[in-house]
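The block underneath contains the structure these notes are about, expressed in structure tokens.
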Amino acid sequence: GIVVATLLRDTGLVTVDPGFMNTASCESKITYIDGDAGILRYRGYPIEQLAEHSSFLEVAYLLIHGALPSTSELQAFEERVNRHTLVHEDFRTFMGTFPRNAHPMAVMSSALNALSTFYPESLDPHDPEAVELATVLILAKTRTITSYVHRTSKGEPLLYPDYSRGYVEDFLRMTFAVPYQQYEPDPVVVRALDKLLILHADHEQNCSTSTVRIVGSSNANLYASVAAGINALSGPLHGGANEAVLKMLAEIKANGGDASAFMKRVKDKEPGVRLMGFGHRVYKNYDPRAANVKESADAVLAALGKDDELLDLARGLEEIALNDDYFVSRKLYPNVDFYTGLIYKAMGFSESMFTPLFALGRMPGWIAQWREMMLDPQTKIGRPRQVYTGATERDYVQVADR
Ligand code: ACO
């Protein structure tokens, strides 16, 4: 648990640390995690307080600018983001060109990368105005892109933004509304989604954030860096876990719903069988986000009048795990993804949209981390060393002689 700053430059000494279990890649003032105590804070503020009292855009401002905004600062920021939610017509056409069964994460990362081609004035990583513009454009248009990703997967028409509505409310409208018909999302759903986005907004140097930083360390622009972050997030061991949890629950149900039998397979370490949504590299205690999400799951399902057998199954799996030595001794607890999928499902999102929703939430964190890195005088291009274990020198043999 102790972090020791080491300076090994030019000593000839190389440390090997697979998975970066003990290697810090940077100093950061953004997010604090104490994994043993189950503590998460953004810029010093406990996640529980932000989830309870703040809004997603306010948290985005906090992460990116380092302080909570005043009323006028927040209003100006919200208005600026709102004004940029519309995408270029050619971009809308581009969004409609993917096959319907394309995985939304592939579409989303392509879309974020492609966005840069429409805004060349926002690409210079060393121009503060360009960076500020890229920040606002990405926050605004990721919302539109995420709703389009849902629409295109269903073959539905892409809607235009309604500037009179808030970030989350209009995201839901653009995702679910029937064209030319009134759409009023349930306020419980709006609040729950806002809260989920807050809970996902940053998580220090995880796989996708480290990817964003390493791509940015070559002075690649913000769009290219966050598009890489989306790709890193797509894996089932990272953001893809929320989708994997639902698949796992559905499979257990299809096989008769025997939670104990499934847990035996997990503990026997059958290849490819893990309790998805459990365990975390940093949290060796209950993930504070998971506790919050679990409460939301109950509230949302009750508000929508939905009774989900899979939620009962998830609760049953958690109950077994919390009382089983395999999980207890390895300090495996539910992570943020264990219950989120069930809430998204109740809201009407298909499983393949769960990870794009994670990306929508994580966007402010990626942006904040990229910006912090760009301003940090200690930043150097990310370039890990290796320990070579291949063949020693050998002479080329002509193909006829092999
Ligand atoms: N189910 C069963 N066993 C597990 C699980 C799990 N979900 N997670 C870890 N273990 C076991 C491992 O088999 C290992 O056991 P061993 O010591 O007997 O070999 C031990 O716990 C340590 O696990 P590692 O894989 O070494 O831990 P690591 O820190 O590398 O992995 C990870 C963390 C990837 C999150 C892992 O716990 C996992 O695969 N969980 C399931 C996927 C998941 O939910 N990912 C979401 C992460 S949170 C996020 O990205 C938002």
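Computed from the coordinates by the stated procedures, all read-outs in this text should not be read as laboratory data. These numbers were taken from a predicted model, which means no experiment stands behind them. As a convention, Cβ positions derive from the backbone with ideal geometry for all residues, glycine included, and neighbour counts pool all protein chains shown.
Could you tell me what fraction of 2.2 N^0.38 Å the Cα radius of gyration of region 87-229 comes to, as a two-decimal ratio? Intermediate values should be presented prior to the final figure.
Working: Rg = 15.9 Å, N = 143, 2.2 N^0.38 = 14.5 Å.
Normalised by 2.2 N^0.38 Å, the Cα Rg of region 87-229 equals 1.09.
Suppose R0 equals 56 Å. What FRET efficiency, 1/(1 + (r/R0)^6) with r the Cβ-Cβ distance, do A67 and A106 give to the nearest 0.05? The formula returns an efficiency of 0.95 here. By the helix-only formula, in which each DSSP H run with n ≥ 4 contributes -39500 (n - 2.57) and the sum is divided by residues, the chain has a 222 nm mean residue ellipticity of -17000 deg cm²/dmol.
Based on alpha-carbon centroids, what's the gap between region 33-95 and region 356-402 in Å, whole number please? One Cα centre to the other: 29 Å.
Please report V212, V188 as a ranked list, fewest other C-beta atoms within 10 angstrom at the top and most at the bottom.
Ordered by Cβ neighbours within 10 Å, fewest first: V188, V212.
Here region 150-231 is assigned +1 on the Cβ of each Lys and Arg and -1 on the Cβ of each Asp and Glu. Its dipole about the Cα centre then comes out at about 180 debye.
Among Y388, Y119, what is the fewest-to-most ranking by other Cβ atoms within 10 Å?
Numbers: Y388 7, Y119 18.
Result, fewest neighbours first: Y388, Y119.
Here, P(r) means the percent of Cα pairs in each 10 Å bin from 0 to the largest distance; for region 1-145 it is 9, 26, 27, 26, 10, 1. Only one residue of P18, S28, F98 has its Cα farthest out toward the positive end of the dipole of region 1-141, where Lys and Arg carry +1 and Asp and Glu -1 on Cβ, and that residue is F98. A crude spin-label estimate for the pair E319 and Y396, with each label 7 Å from Cα along the Cβ direction, gives 6.8 nm.
Under the classification rounded if a/c is under 1.5, otherwise prolate if a/b is larger than b/c and oblate if not, where does region 362-402 fall, given a ≥ b ≥ c as square roots of the Cα gyration tensor eigenvalues? Mind showing how you got there, number by number?
Values: a/c = 4.94, a/b = 3.22, b/c = 1.53.
Here region 362-402 falls in the prolate category.
Hydrophobic long helices, here whole DSSP H runs in the chain with Kyte-Doolittle means of at least 0.0 and Cα atoms spread over 27 Å or more along the helix axis, are found at 128-154, 354-375. Length, then width, then depth: along the principal axes, the Cα atoms of region 226-356 run 38, 35, 27 Å. GNM remark for the chain: springs join alpha carbons under 10 Å apart, and the peak mean-square fluctuation among Y160, Y344, Y180 falls on Y180. Packing, taken as the mean count of other beta carbons within 10 Å per residue, orders the peptides 32-43, 192-203, 228-239 from highest to lowest as 192-203, 228-239, 32-43. Binning every alpha carbon pair distance of the chain at 10 Å from zero, what are the percents per bin? Using 10 Å bins, I get a P(r) of 4, 21, 31, 25, 13, 4, 1, 0 for the chain.
Would you mind ranking F278, F176 so that the residue whose beta carbon has the fewest other beta carbons within 10 Å leads the list? Before the final figure, lay out the partial values.
Working: F278 22, F176 18.
The most exposed by this proxy come first: F176, F278.
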